[in-house]
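Chemist: Once you've had a glance at the structure underneath, I'll fire off some questions.
Just so you know, all these numbers are worked out from the coordinates, no wet-lab data involved. On a predicted model such as this, the values are computed, not experimentally measured, just so you know. Cβ atoms come from the backbone with ideal geometry, glycine included; neighbour counts cover every protein chain shown.
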C-alpha cells in the first residue's frame, strides 16, 4: 500500500517563471500608466515648440540642433494688445485681443446663464424636491450634458439665432445675422447648466442635517436655511462647480463657432458676430493650411493660450474640491 | 418659581402671535417659485431642442423629399439632392472600433497599475493628479496635439487611425477613472484568498480581480465611447473631410464622421442641408441612446449579481 505522493515542486522553474511574468507585467502596466503623463508632457512640448515657431520664426528643436536661430516674427506685445486679428490675410495682423475677448465675453455671458440657473436647480433638487421629482429631474438634466456639442451648434443655427435672438433683436430694431454673441451665451450656458447643478447639489447634500436642524430650531424658515446655511456651508463645492462650467465654456468649440460666428472684432453688442479662440482654430480647419506656415503655427499659439487658461481653471477647481472635502470629512 | 416659568411661557406665546409672518411666507413662496422656474429651464430647453430637430427632420421628408434609404445609402455630396450619410456612418464605426481597442487596453492597464501595483510615492501621485488635469483639456487642443505628432510628425496623414488616436487621448481618462473605481470595489478578501492559495499577483489579477471588475470597466468604456462618437473638434483639427464622397475601407483611408458631416451640413447656407443635418443628428442620437441603454443594462445586471453573491 505505498502510494507515492507527488511532492510539490517548491524550488521549481514554474514558480520562478511565474514570478518573472509578474515582474514583466508590472513593467508593462507601468509603461501604460506613464503614457498619460507623456501625453501631458507632449502637450506642453508641442504647444510651446510650435508657438515658438509662431513668435520667433524657429522651432525650439531647430535652434537646439543649431539649424535655425530665434528672430522675432510676431512680438508678444502685438499679440496681446493688437486689436486686429488676421494672420492669414495680407498684410497680416497678429493682434489676438479680439479672439481672446471673444472667448472671455462668451464665457462670462454663458456663466450668467448657467450659474444662476444651475445653482437654483441644485437648491431645488437638494432642499425642496420630493424624492420622486428629484429622481425624474436629475436624469433629464444629465441628458442635457450628454448631448454632443455639435447638436447645440445645430440648435443655435436653426432655432436660437433665427427665433429667440431674432425676436429680441427686432424689439430693439436690429436685424440679426447668421451668428450672434447672444446665441453663444444661450447655448453654452444651457449646456453647462448640468455641470453646475449636479456638482453643486452633491456639495449641498454633503452638508450635515444637524446644521439645517439647528437653524430650524432657532426659527429659521426654509428660505433662510437654503440661502444662509446650506449655500455658505457648501460654498467651496459650489464654487468648484462654477469653475468647472467656466473651464468647459472656455474650451467649447463646435456650439460656439456655429452660434457666435467667425468675425474677430472687439465689440460688446450682443447681436453682433464674434470669434472665439476655438472658433479661429475651427476656421483654419476649413481652409488648406500648409505645415510650418504662419497660420499653421498660429493654431498652436492660440491653442497654448487656451491650454493655459483651462489648466489654471482646473487647478483652482482642484484646490476648491480638496478644501471642500477637508471640511466635511 | 412656577409663576416665573408660567409668565415666561406666556410671554413667548404672546411674542409668537404678535410677529407678523406673512412677509416671511411671501418671501418663501417667491423663492420656491423662482427655484421651480429655474429648474424647469433646462427641461424646457431640452424639449425645444428635440422639437426643433424633429421639425427640421420632418421638413427634410416633406419639403425636400429626402428618402431615408437614400439618406442612409448615399455617400457625402456637394449637391444636397444627392447627399447621404453612409460614408460618415462607416467612418464613425471604424473610429469606434479603433478607439475601443486603444482605450480598453490603455485604460485597464493604467488602472491595474495604479490600484494593484503602484507604490505610494510621488510618481504615483503625479500620475493620479495628472488624470484630473487631462480630463479638463479642451478637445480641440487634443486635436492639434495629434495633428502635430501623428498626422505631420509621424507622417501618417489625415487618416482614420489618426482620428482614433485623437479620440482615444481625449476619452481615455474616463475609462481609467471608471476602471480604478471598479477594481477598487473588488473586496480585498478575494485577493487575499487567491494569494493564500499560492497565486502570484498577476494570476490573482487575471483570474480573480479582472472578472469581478469587468462590468464596471465595460460601463465606463461605453460611456467614454459615447463621448467620443459625438466629438467633432479634434477630428476637424486632425483633418477630417467635410464631404467624403468615397466610403472608407480601412484605418489608413481619409475620413469624415457623423458629427463632422453634421457640422458641415449645419454650416452650409442651403436650407436643405439643415434638414439633412437634422436627420443626421437623429441617427447620431439613436446611436448614443443605444449605447446608454447597453451601459444601463450592464450596470443593472451587475448590481443584481452583487446582491446575489451577498446572500
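Chemist: Taking only the alpha carbons of segment A:13-73, what extent do you get along each of the three principal axes, in Å, biggest first?
Modeler: Here the spans come out as 64, 21, 6 Å, largest first.
Chemist: Ignore the peptide's own chain and count Cβ atoms of other chains within 10 Å of each Cβ in B:278-284; give me the average, rounded.
Modeler: 2
Chemist: Let me ask something additional. Between segment B:155-183 and segment A:123-169, what's the alpha-carbon centroid distance in Å?
Modeler: 28
Chemist: How well do other chains shield peptide A:19-29, expressed as the mean number of their Cβ atoms within 10 Å of each residue Cβ?
Modeler: Neighbouring Cβ atoms belonging to other protein chains average 5 per residue here.
Chemist: For a bin width of 5 Å, list the pair-distance distribution of segment A:187-256 built from all Cα-Cα distances, rounded to whole %.
Modeler: Once binned at 5 Å, the Cα pair distances of segment A:187-256 give 3, 17, 22, 17, 14, 10, 8, 5, 3, 1, 0.
Chemist: Something else: Mind computing the radius of gyration and Dmax over the alpha-carbon atoms of segment A:170-329? Å is fine for both.
Modeler: Spelled out, the Cα radius of gyration and Dmax of segment A:170-329 are 21.1, 70 Å.
Chemist: Above 25 angstrom, tally the Cα pairs of segment A:38-157 and express them as a % of all pairs, no decimals.
Modeler: Pairs farther apart than 25 Å: 56 percent.
Chemist: A further question follows. Mind jotting down the distance between the C-alpha centroids of segment A:290-329 and segment A:55-109, whole Å?
Modeler: 18
Chemist: Report the far tail of the P(r) of the protein assembly as shown, meaning the percent of Cα-Cα pairs longer than 33 Å.
Modeler: Result: 54 percent of Cα pairs exceed 33 Å.
Chemist: Moving on to the next point. From the Cα trace of segment B:219-310, what convex hull volume per residue do you get, rounded to a whole Å³?
Modeler: 114
Chemist: Taking the Cα atoms of chain A alone, what are Rg (to one decimal) and Dmax (as a whole number) in Å?
Modeler: 27.1, 109
Chemist: Please report B:103, A:65 as a ranked list, fewest other C-beta atoms within 10 angstrom at the top and most at the bottom.
Modeler: A:65, B:103
Chemist: A follow-up question, please. Out of A:155, A:79, A:172, any idea which swings most in a Gaussian network model of chain A, alpha carbons joined below 10 Å?
Modeler: Comparing A:155, A:79, A:172 in the GNM, the peak value goes to A:172.
Chemist: Sorted by average packing, counted as other Cβ atoms within 10 angstrom per residue and highest first, what order do B:43-54, A:195-206, B:135-146 take?
Modeler: Packing proxy ranking, top to bottom: B:135-146, A:195-206, B:43-54.
Chemist: Separate question: Post the alpha-carbon centroid distance, segment A:206-235 to segment B:20-38, in whole angstrom.
Modeler: Between the Cα centres of segment A:206-235 and segment B:20-38 lies a distance of 16 Å.
Chemist: Let me know the Rg and Dmax you get for segment B:72-310 when you use only its Cα atoms, in Å.
Modeler: 20.6, 70
Chemist: Here is a further query. Which order results if A:26, B:27, A:321 are arranged by neighbouring Cβ count within 10 Å, fewest first?
Modeler: In order of increasing Cβ crowding within 10 Å: B:27, A:26, A:321.
Chemist: Once you have the Kirkwood Rh of segment B:128-219 from its Cα pairs, apply Stokes-Einstein at 4 °C and 1.567 mPa s and quote D in µm²/s.
Modeler: Reported coefficient: 83 µm²/s.
Chemist: Compute the whole-percent fraction of alpha carbon pairs in segment A:240-303 spaced more than 20 Å apart.
Modeler: Every Cα pair in segment A:240-303 considered, those over 20 Å come to 36 percent.
Chemist: May I pose another question? When A:247, B:158 are ordered from fewest to most other Cβ atoms inside 10 Å of their Cβ, what list results?
Modeler: B:158, A:247
Chemist: Need one value for A:111-118: mean number of C-beta atoms belonging to other chains within 10 Å of its residues' C-beta atoms.
Modeler: If you average over the peptide's residues, the count of other-chain Cβ atoms is 2.
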